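The values are calculated or read from the model by the stated rules, or taken from the named source; none is laboratory data. What you are looking at is a predicted structure, and each value in this text was computed from that prediction instead of being measured. Cβ placement follows ideal geometry from the backbone for every residue including glycine, while neighbour counts extend to all protein chains displayed. These area figures cover heavy atoms from the full protein model, side chains too; ligands, DNA and RNA do not enter into them. Shrake-Rupley method; radii C 1.70, N 1.55, O 1.52, S 1.80 Å.
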2 protein chains.
Amino acid sequence: MRHYKHNTLAKLAAPALAVALTGSASAATSAKLIHDAEQNLLQEQFGEKWAKQDGELQKRLDALYKKHGKRPNIVHIMWDDNSFGEVGIKAFNKIRGFDTPVLNKMGDEGITFTRMYTEPSCTPTRAAALTGRLAVRSGMYTVAFPPEGSGLPGEEVTIAEVLSAAGYNTAFFAKAHQGDIEESYMHNQGFDEAQFSLYNQFPPIFWHADGEAGMMTNGYTPEMTEKNYLVDSTWRPYGYIMDIEGKKGGKARETLPPTLDATLENYRKLIDMHQEKAVDFIKRKAKDKNPFYLAYWPNVYDLNRRGQEITTSNSSPFAQNIERLDRHIGEILAELEKQGIAENTLVIAMADNGPMTEVVGAMYQNVFNGGKGDYREGGIRVAAFAQWKGVIEPGTVVGDIFAVHDLYTTFARLGNAMEHIPTDRIIDGIDQTAVFLEGDGQSRRDYYHVYTGPVHAASIKQQYKRVWIGGRPGLVKNDFYNLYQDPREMRGMMAQMLWAWGPFDMVKKRHDAMNKKYPFTPTRHGVPFTGIENLRPESKVYQETVRKTMNTGK
Amino acid sequence: MRHYKHNTLAKLAAPALAVALTGSASAATSAKLIHDAEQNLLQEQFGEKWAKQDGELQKRLDALYKKHGKRPNIVHIMWDDNSFGEVGIKAFNKIRGFDTPVLNKMGDEGITFTRMYTEPSCTPTRAAALTGRLAVRSGMYTVAFPPEGSGLPGEEVTIAEVLSAAGYNTAFFAKAHQGDIEESYMHNQGFDEAQFSLYNQFPPIFWHADGEAGMMTNGYTPEMTEKNYLVDSTWRPYGYIMDIEGKKGGKARETLPPTLDATLENYRKLIDMHQEKAVDFIKRKAKDKNPFYLAYWPNVYDLNRRGQEITTSNSSPFAQNIERLDRHIGEILAELEKQGIAENTLVIAMADNGPMTEVVGAMYQNVFNGGKGDYREGGIRVAAFAQWKGVIEPGTVVGDIFAVHDLYTTFARLGNAMEHIPTDRIIDGIDQTAVFLEGDGQSRRDYYHVYTGPVHAASIKQQYKRVWIGGRPGLVKNDFYNLYQDPREMRGMMAQMLWAWGPFDMVKKRHDAMNKKYPFTPTRHGVPFTGIENLRPESKVYQETVRKTMNTGK
């Protein structure tokens, strides 16, 4: 915008909203996609420049194709709840008392993102990465816990489906958290093979009394049930299923049941098992004639001290877990090296949202305020790194706005699979290939809409942020921030930013108009655990409880 | 401590306090110095190991001496009020919207300190650096403003005196803030040559009405005086002297008087003039047969927007000023390269304390809470970097506790001038040569006593911190922190750290016992501006006002 001529801006003013609602007809690679209103305005302003740049980028991608004989492999590693700063920057490791040498090296040799925005919690961010759409569009805006009975709708077109259609080998390992209904299973959502957790890590960690003690929660374990009065045996969802595996089009099987006597042990085995499977997948597909896409979203956390030797200065299981994650990522990168495919593989390593600040003494608001579930920067601005040897300029620090949704479209572009992205719905993800190939200042996004659950909580435009909810009684919608001057959002600057009131109103109106044209998909409900071959008796009780609740309210 | 055997600890228990109060008699280089009690306990535990290490270090220093034909030059650059993190780490530059490439490179190629402790404000930190002693010991514990009438006592032995005695060329440029009495002038405190500011930057920046507008202060400028009633013409210290220069043993001269019509202009000229003099000193002494010690403590800040072109994304004069500082440090480093002496020069670049958080929209609590004047980490844990090409391992990140006081003793060691450090008083500074030569984990300090003004506010031991003042009514002295788990000191953990109550009490008792044995020097008062040859009439009025107030209270 800064370099945009005034007379051109004047010409733009009239047709701008129309353009925003229809999408641009320029010849850029992503021209056919339906983007959100704000992006269409940018396309109108920069379309010509971007189309030209796209031509140059394509030449570089073609040269890579020629060199390696296939399109690039893509590895997307994403873990839970991590505060920006404390991984990937050695000085911050020292402040927090633990070490992440692998991620630090990844930052030194690849890209460190400083404005990677996600949704504020795990289910929405994962849905966003899978679909390239704001989670609110697919109904995946809440974090579900067992018992659930909902999940990612089958008609969503995941990145696995997009890349599969273009010939990629695809696999998913570890935490999906995309629901417990059959259509939501990862092997029913485009992945050739998958082993994955249906929910979050809470149940296995806290099944044991000592796990509860560590967190000062209470009453989840069987021993702690109320025994003096009548006790509803279906209230605690003991029949929940932690993890299943399946192959595209096939039935699922539960892997390691979190039974009462082996819940924590099995959870720990799962962490290692997912890691091994991820490494094994790379090994198996490295020499394949087709490239691969691997989504490895490890469970990572085990906040139960039982049997864990704590050796970090930070002296919390959390820090210990992060160090293990770092080693595990190191194994992935080492395998790529060993197979000789590091130069033809883009690796993304990132958190899915900010820290769960309720885990006191461990997860922490280092640089931004707010944590998981929060529309403040601390909830949505995450640690994120990229490696692509020989392609990404080492030590690149990207200050651009980037969104997890953009990975969808960018992966599709890199995989020459843009034609498989649906064009009947809004795709929030922007093709950000230029950022990977040309570095800082190349983002094609200058905005981000923050939803918490189904609520549009804030909008970010350039260095400014306006909060749509909360604020002072009597003068609502009044929180304006300059994120360079006040990255922790400590001091609303409505008075200084009254100029931005109208422009932000326009941003929201454009967005609302697009949402009206392309309505959100309601949350998909269903009976959990269908399509699983080896269902346990207690899981059938669980299933029946959910079915009855949904159908009769009983 | 972690590797310390239990039986040895038991043996230590009885004589520990005695040792603490007398100092160790070991053969270590710094054995003759009187250190604080806590250090004497460490000396008792590690004296033998350190003595052995000192021998190895000396061999390396001797080899350097042989290579360069003289002892190392030392450049100590120190500026005001800067929040940890936002300089020296590129990812944080992006977050704050300004760039410090020189300091980032210094971190990449030298040492980044993550626990460099200072005193919480400028006068005390500068006194601490000059004397190697807690500022409270020299009476320099408050920040003075004109009119003042006090300053650094002549009997303090500064690092300039120590290194001068060992043959170093010494110079001081820019902000001293060590008082306005003759004995406190830098050229009377051991520096061969000096040009320096007596006070802080407040008066020249805010003399103009537009400077006041920027900060929303009011009433300092002449136009804003109360005109409807009788007006005391001595109330505003218009006769204050911003900057003087002098040579060792000679008289001083005021340089650029901050007269009403040229205060801001002259202040800006001073910033450039000090910078030029610092570079020129390096140029003049580079080839001298003796090494040099340069204290360059630039004024840096100019928060008055008048005539400043703002080009940083952060859009504040503060950010603009920091970028200029970075360029200025770049010129210093370039001159060392140009003169071919970078490999024989230790450069320290650091802030003197945390941000003045009252400067809203500019100075900021990025990583730690608290700012200037505060005993919390944000007040005392500063950005700090070291460069010594060929000696310091590139990319070293030091998580050790280090204190600004330690530079005094370390510089003396490097300059082979330990014998000139006085042995009739407590020297808080520890010889930290090992940190520069051998890197992280080599600090000989595991504690720090935090004073705010004359008040002992907190003590830090290892990763723990106990606050001695404030806290909840009815249960005072109750704030305990684990700084790895809670670097922002958000959540006092008294319950979890009841074990540390007694040990911290012991730390304080030992410290208090030493303070009783070696009492603090009272703040030195006197008539300001004596020894200045070209005193202006209005400065004589100022001088007389102070003299009368001190002598008669009138």
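Some notes on this structure:
- Ligands, DNA and RNA aside, B:Phe113 has an accessible area near 0 Å² when probed at 1.4 Å.
- Here is the list for segment A:75-180: GluC sites (Glu not before Pro) lying in DSSP coil, each with at most 13 other C-beta atoms within 10 angstrom of its C-beta, are A:Glu155.
- For segment A:285-353: rounded, prolate or oblate by the Cα gyration tensor [a/c cutoff 1.5]: prolate
- Solvent exposure ordering (accessible area, 1.4 Å, most first) of A:Arg376, B:Arg466: A:Arg376, B:Arg466
- Here chain A is treated with +1 on each Lys and Arg Cβ and -1 on each Asp and Glu Cβ, and its dipole about the Cα centre works out to around 1340 debye.
- Chain B: angle of helix B:404-414 to the longest principal axis, Cα-based, in degrees nearest 10: 70
- Hits among lysines - C-alpha to C-alpha of B:Lys90 under 22 Å, sequence gap 8 or more where chains match: A:Lys90, A:Lys94, A:Lys105, A:Lys389, B:Lys105, B:Lys389
- Overall, segment B:455-519 carries a charge dipole of about 200 debye about its Cα centre when +1 sits on the Cβ of Lys and Arg and -1 on the Cβ of Asp and Glu, all other atoms neutral.
- Per-residue average of Cβ from other chains inside 10 Å of B:92-103: 4
- Cα centre as origin, Lys/Arg/Asp/Glu Cβ charges: segment B:375-433 dipole, Debye: 200
- 7 Å along Cα→Cβ, label-point gaps from A:Lys540 to other copies, nm, shortest first: 10.8
- Relative contact order (percent, whole number), segment B:455-519, Cα cutoff 8 Å, 6+ residue spacing: 20
- Take B:Ile532: with every protein chain present and a 1.4 Å probe, its accessible area is about 20 Å².
- Probe 1.4 Å, all protein chains present, accessible-area order of B:Thr131, B:Thr311, largest first: B:Thr311, B:Thr131
- Rounded to 0.05, the FRET efficiency of the A:Glu533 and B:Val360 pair, given R0 = 51 Å and the Cβ-Cβ distance, is 0.25.
- Shape call, segment A:390-445: gyration tensor on alpha carbons, a/c limit 1.5: oblate
- For A:485-493, mean number of other protein chain Cβ atoms within 10 Å: 4
- Within the protein assembly as shown, helix-based [θ] at 222 nm, where runs of 4 or more DSSP H residues each add -39,500 (n - 2.57), nearest 500: -10500 deg cm²/dmol
- Tensor-based shape of segment B:48-199 (alpha-carbon gyration tensor, a/c under 1.5 rounded, otherwise prolate or oblate): oblate
- Taking Lys and Arg as +1 and Asp and Glu as -1, the other residues whose beta-carbon sits under 12 Å from that of B:Glu393 total -3.
- For B:Glu331, the accessible surface of its heavy atoms amounts to roughly 90 Å² (probe 1.4 Å, protein chains only, rounded to the nearest 10).
- Divided by 2.2 N^0.38 Å, where N counts the residues, the Cα radius of gyration of segment B:354-457 comes to 1.24.
- Our estimate of slack between B:Lys516 and B:Glu331, defined as 0.36 nm per intervening residue step minus the Cα-Cα distance, is 62.0 nm.
- Over 23 Å apart at the Cα level, from the set A:Lys372/A:Lys540; A:Lys251/A:Lys277; A:Lys49/A:Lys516, are A:Lys372/A:Lys540; A:Lys49/A:Lys516.
- At q = 0.10 Å⁻¹, base-10 log of I(q)/I(0) for chain B (Debye sum, equal scatterers on each alpha carbon): -0.82
- Reducing segment A:234-261 and segment B:176-207 to their Cα centroids gives an inter-centroid distance of 73 Å.
- For residues of B:352-361, the mean tally of beta carbons on other chains within 10 Å: 1
- Multiplying the residue separation of B:Val231 and B:Glu155 by 0.36 nm and removing their Cα-Cα distance gives an extension gain of 23.3 nm.
- Sum of side-chain charges, B:Phe98 neighbourhood, beta-carbon under 13 Å (Lys, Arg +1; Asp, Glu -1): +1
- Rg to Rh, two decimals, where the protein assembly as shown supplies the alpha carbon set and Rh follows Kirkwood: 1.00
- Note on exposure: B:Ile310, A:Ile95 ranked by accessible area (1.4 Å probe, complete protein assembly) read B:Ile310, A:Ile95, with the most exposed listed first.
- In segment A:406-495 the Cα-Cα distances spread across 5 Å bins starting at 0 as 3, 12, 17, 17, 16, 13, 10, 7, 4, 1, 0 percent of all pairs.
- Cα point-scatterer Debye curve for segment A:455-519, base-10 log of I(q)/I(0) at q = 0.23 Å⁻¹: -0.99
- Between A:Arg60 and B:Lys70, the modelled label-to-label distance comes to 4.9 nm, taking each label 7 Å out from Cα in the direction of the beta carbon.
- Descending Cα extents along the principal axes, segment A:240-334, whole Å: 46, 33, 14
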